[in-house]
1. Along each of the three principal axes of the Cα atoms of segment 2-146, give the extent in whole Å, ordering the values from largest to smallest.
2. Report, to two decimal places, the Cα Rg of segment 179-330 normalised by 2.2 N^0.38 Å (N = number of residues).
3. Taking the solvent-accessible surface of protein heavy atoms with a 1.4 Å probe, what is the per residue accessible area of the chain in Å²?
4. Tally Lys and Arg at +1 and Asp and Glu at -1 over the other residues with C-beta under 10 Å from the C-beta of Tyr280: what net charge comes out?
5. When the accessible area of segment 2-146 is computed with all protein chains present and a 1.4 Å probe, what percentage of it is carbon and sulfur?
6. Going Cα to Cα from Lys205, which lysines come in below 22 Å? Please leave out same-chain ones fewer than 8 positions away.
7. Expressed as a whole number of Å, what is the distance separating the alpha-carbon centroids of segment 105-175 and segment 294-372?
8. Write out the chymotrypsin sites (Phe, Trp or Tyr not before Pro) in segment 178-221 meeting two conditions: DSSP loop, and at most 16 other Cβ atoms within 10 Å of their Cβ.
Amino acid sequence: MIWGRINNGIKKFEKENNMKKVKIGFVGMGHRGIHLADLYHTHIKDCQVVALCEWIKPLLEDGATRLGDPAIKTYTDYSTMIKEADLDAVGVFSDADTQADLVCEALYAGKHVTCEVPLTFTIEDCWKVVLAVEKTGLKFQLSEQTRYWPQIRAWRKMVSEGKLGKILFVEGQYFHNCDGLYWQNPVTGVFYKNSELKEGLNVRKTWRNGMPPIIYLPHELSPLLSILDDRVVRVSCMSTRPKSYCLENVDMPDFEAAIMYTEKDTVMRLACSFTVPRYYHGHWYHIWGTKGVVESNRAAKDKMRMWLADSMKESDNPQDMEWKFDPDDLPKEAIGSGHGNADYFPAASFIESIINDTTPPMDVYESVETAAPAILASISAEQNGKCLEVPDFRPGAKRKVGCEPK
Ligand SMILES: NC(=O)c1ccc[n+]([C@@H]2O[C@H](COP(=O)([O-])OP(=O)(O)OC[C@H]3O[C@@H](n4cnc5c(N)ncnc54)[C@H](O)[C@@H]3O)[C@@H](O)[C@H]2O)c1
């Protein structure tokens, strides 16, 4: 059990370290950072939040007020927080396109790091983070939580036990209309919807406004690759035009759809959009094996489904399913932690990996194996679907630990 291991790890650390807590600081007090800082502060018992950093002052103040502990130090400059705060670890929950530099700065300063999805927008950054982790030997975990959802856990078990046979085809999509997150006042931190923009308003584009949507695929690749125990080796992608049809003033395609091929011979079809209306809102996954099919619900009121060759006729419709957390087996700290109780798990497992000196469940290699195919898909889309190879980031015969790729 994942949470059983977490609790055991925490107990071991308490014994060996005289109840010492992992001291952690966070950068980025935006939507995600403020929620996660509060989660670590209130739900993750064996860590202590000691510092917050945000360069928009009202947001920094909101973060400090939400946590409500006057001992927590606040910073507007990240390098100062890294140098001056007494930190064992850092959570990077800032603008997604510049997170990798902050991750590397913390690692080279001797701090363990967790970072939000998507790790970065470039392959160069993926290598920088891999090398920083290898050279420092510190913990790194991507803060991806959908892999902890009950259906994903159930399917991972079914696939590992061969219940679905050889997995041939996998689909994933993430459609989430983000109107209201594309324009922000850089002084107050207030966000504006597309329809609220007017002459004289002090706004700048946020990091989301211009992001190729397919770059946000780690939320699909993390659960799907964890089920397949596999990595993507080739990628091709198509896109609508680089300017939204749905939201005026948003410079990103409405749809990008990628075809990916894995090392273990599975084909994947994946799509992202962050501007289209909310018909099918959220994440959707579909797994097709030689002995069965499982899929999640596309719309909120749809059912999840399963068809199994061993127990059903070919003419049978897939049966409606409801994969849920077992309430007796769900830590109380996870309940209400966000995203269907899943936000707790990456946070708890990151702290556990530090406490117990173990490799985090989503280590740096699994992290870049979800980021790099997404980045290459966005490049492929710019090159009319050109098929691109995904580098192998793991050390081996061709590359030693800590060495640059040739
Ligand atoms: N896992 C999830 O479900 C989930 C959900 C939402 C967002 N995210 C991820 O979380 C991260 C943050 O997203 P968000 O929605 O909170 O964005 P946001 O724009 O609301 O917040 C980012 C904040 O970081 C601050 N910042 C950036 N660089 C900084 C620096 N060097 N020093 C100090 N402050 C800095 C910005 O001022 C901004 O307030 C992104 O990587 C995003 O993709 C993940």
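The values are calculated or read from the model by the stated rules, or taken from the named source; none is laboratory data. If you're wondering where the values come from, they're calculated on a predicted model, not measured in any experiment. Neighbour counts are summed over all protein chains in view; Cβ atoms, including those assigned to glycine, are modelled from backbone coordinates with ideal geometry. For the accessible areas, the whole protein counts, side chains as well, though only heavy atoms, and no ligand, DNA or RNA atoms are used. Shrake-Rupley method; radii C 1.70, N 1.55, O 1.52, S 1.80 Å.
1. Computed over the Cα atoms, the extents are 40, 36, 32 Å.
2. Working: Rg = 19.7 Å, N = 152, 2.2 N^0.38 = 14.8 Å.
Rounded to two decimals, the normalised Rg is 1.33.
3. Values: 18470 Å² over 406 residues.
About 45 Å² of surface per residue is accessible.
4. Details: positive: Arg278, Arg298; negative: Asp302.
That sum, taken over residues with Cβ under 10 Å, equals +1.
5. Working: 3020 of 5980 Å².
In segment 2-146, the share of accessible area belonging to carbon and sulfur is 51 percent.
6. Lys57, Lys193, Lys243
7. 13 Å
8. Values: sites: Tyr182, Trp183, Phe191, Tyr192, Trp207, Tyr216; in loops: Tyr182, Trp207.
The qualifying sites: there are none.
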